[in-house]
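Heads up, the thing below is written out as structure tokens.
What follows draws every value from the coordinates through simple rules; no lab data is involved. From a predicted model like this one, the values you see are computed outputs, not experimental measurements. No Cβ is skipped: glycine too gets one built from the backbone with ideal geometry, and neighbour counts run over all protein chains shown.
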Amino acid sequence: MIITPTPIKDLIIIEPKVFNDKRGYFFESYNKNTLMNLGFEEVFIQDNLSKSSKGVLRGLHFQKRPFSQGKLVQVLNGAVLDVAVDLRKDSPTYGDHFSIELNSENKRLFYIPEGFAHGFITLADDTIFSYKCTNVYDKESEGGLMWNDPKLGINWGTSNPILSEKDLEYTTFENFKTPF
């Protein structure tokens, strides 16, 4: 596995070693010992999967303390544009975002630590997205930001995604008070 830092501290890209042959491929998507040897010490306690059609946008979500979550995400089928927004008030990159394409071909994993809002838009039908989380989900602790907030300036590649009712009601970054 190769760990690559991003321009935003603590966001990392993980590229597994993929073994291809005429039968297909094999790779370890997670190995606690290998990652610990590379300096990655997070412990995951909940796994989630979502399946979405093309054009579905999920986010920008986070959980407040004491249920805040780090997430190790990957695409099992299809493709997404994955986005993380730094919500850590003492961070020099507070309010900045980083985006990356994750797909079933590049097999990249993306780690988003606590203190970030996270979201993605699907770029293909039947996209299956996997999340490993460092904490359990707690409905009372969930929060979010408006996906198309002009202050954040995220280029999702569309102005008309498929959204949940909840994702339509989140606040703007300007009116947001970070819990981190």
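Looking for something of a type in the set (Gly, Ala, Ser) and crowded, with 18+ Cβ neighbours inside 10 Å - is there at least one such residue anywhere in the range 145-161?
For the range 145-161, residues of a type in the set (Gly, Ala, Ser) and crowded, with 18+ Cβ neighbours inside 10 Å: absent.
Which numbered condition in (1) more than 15 Å from the chain's Cα centre (by Cα); (2) assigned to a loop (DSSP other than H, G, I, E, B) is the only one that residue 36 fails?
Checking residue 36 against (1) more than 15 Å from the chain's Cα centre (by Cα); (2) assigned to a loop (DSSP other than H, G, I, E, B), the one that fails is (2).
Can you tell me which of (1) in contact with a strand residue (DSSP E or B) (Cβ under 7 Å, 6 or more places away or on another chain); (2) over 16 Å from residue 109 (Cβ atoms); (3) polar (S, T, N, Q) is the one residue 6 doesn't meet?
Of the numbered conditions (1) in contact with a strand residue (DSSP E or B) (Cβ under 7 Å, 6 or more places away or on another chain); (2) over 16 Å from residue 109 (Cβ atoms); (3) polar (S, T, N, Q), the odd one out for residue 6 is (2).
I'd like the full set of residues that are among the acidic types (Asp, Glu) and over 13 Å from residue 85 (Cα atoms), limited to the range 131-180.
138, 140, 142, 165, 167, 169, 174
I'm trying to understand the selection: among the residues of the range 92-101, which are part of a strand (DSSP E or B) and among the polar types (S, T, N, Q)?
If the condition is that a residue be part of a strand (DSSP E or B) and among the polar types (S, T, N, Q), then 99 is the only one that fits.
Keeping to the range 102-130, report how many residues are assigned to a loop (DSSP other than H, G, I, E, B), in contact with a Leu (Cβ under 8 Å, 6 or more places away or on another chain) and touching a residue at least 60 places away in the same chain (Cβ under 8 Å).
4
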